[in-house]
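Below you'll find the structure, written out as structure tokens, and then a few comments.
The values are calculated or read from the model by the stated rules, or taken from the named source; none is laboratory data. No experiment lies behind these values; they were computed from the predicted model shown. Note: ideal-geometry Cβ built from the backbone for every residue, glycine included; neighbour counts use all protein chains shown. Please note that ligands, DNA and RNA were not included when accessible areas were found on the heavy atoms of the full protein model with its side chains. Shrake-Rupley method; radii C 1.70, N 1.55, O 1.52, S 1.80 Å.
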Amino acid sequence: YNLHIRTRIKAKFGSFSPNLFVKIQLRINEAGQIVYHEIKESSGSKAFDQAAELAVRNAVLDPLPKALAENPPYIVLIRIQSPQN
């Protein structure tokens, strides 16, 4: 499911340094909705962090797999990195 999350969160980054990244904690309910997110480690760039948060808010995820849905919410820490040039 973590790979699924990674493929569904698509940030639209402009010309950011390729070594920027942000860590965001997600809480995902049984339906696959991200019900809460929080930046745990900022990139140091407000614009980059905002682009990553927008990508999280726009993500459409599949419902949780049965094993994960047994103890909701699913809490996961993701890392969003600027594309390498």
request  = Equivalent ellipsoid semi-axes for region 26-85, as square roots of 5 times the alpha carbon gyration tensor eigenvalues: give them largest first, rounded to whole Å.
outcome  = 25, 11, 10
Interchain or long-range residues, amide H under 5 Å from F13's placed H = none
query = Between R6 and Q50, what is the label-to-label distance in nm when each label sits 7 Å out along the Cα-to-Cβ direction?
reply = 2.8 nm
request  = Give the accessible surface of region 1-65 per residue, rounded to a whole number of Å², with probe radius 1.4 Å and ligands, DNA and RNA excluded.
outcome  = 60 Å²
request  = In whole Hz, with x marking every Gly and Pro, tabulate ³J(HN,Hα) for region 28-42 from phi via Karplus 6.51 cos²θ - 1.76 cosθ + 1.60, θ = phi - 60°.
outcome  = 10, 7, 4, 7, x, 8, 7, 8, 7, 9, 8, 6, 9, 9, 6
task = Quick one: dipole size for region 13-78, taken about the Cα centre, charges +1 on Lys/Arg Cβ and -1 on Asp/Glu Cβ, in debye to the nearest 20.
result = 100 debye
message = Apply the Karplus curve 6.51 cos²θ - 1.76 cosθ + 1.60, θ = phi - 60°, to the phi angles in region 70-83 and return the couplings in whole Hz, x for Gly and Pro.
response = 5, 9, x, x, 7, 10, 9, 9, 10, 10, 10, 10, 5, x
note = If one compares the long axis through the Cα atoms of helix 46-58 with the longest principal axis of the Cα atoms of the chain, the angle in degrees, nearest 10, works out at 30 degrees
task = For every other residue with a beta carbon closer than 13 angstrom to the beta carbon of Q81, add +1 if it is Lys or Arg and -1 if Asp or Glu, then tell me the sum.
result = +2
task = First compute the accessible area of the chain with a 1.4 Å probe, then give the percent of it belonging to carbon and sulfur atoms.
result = 50 percent
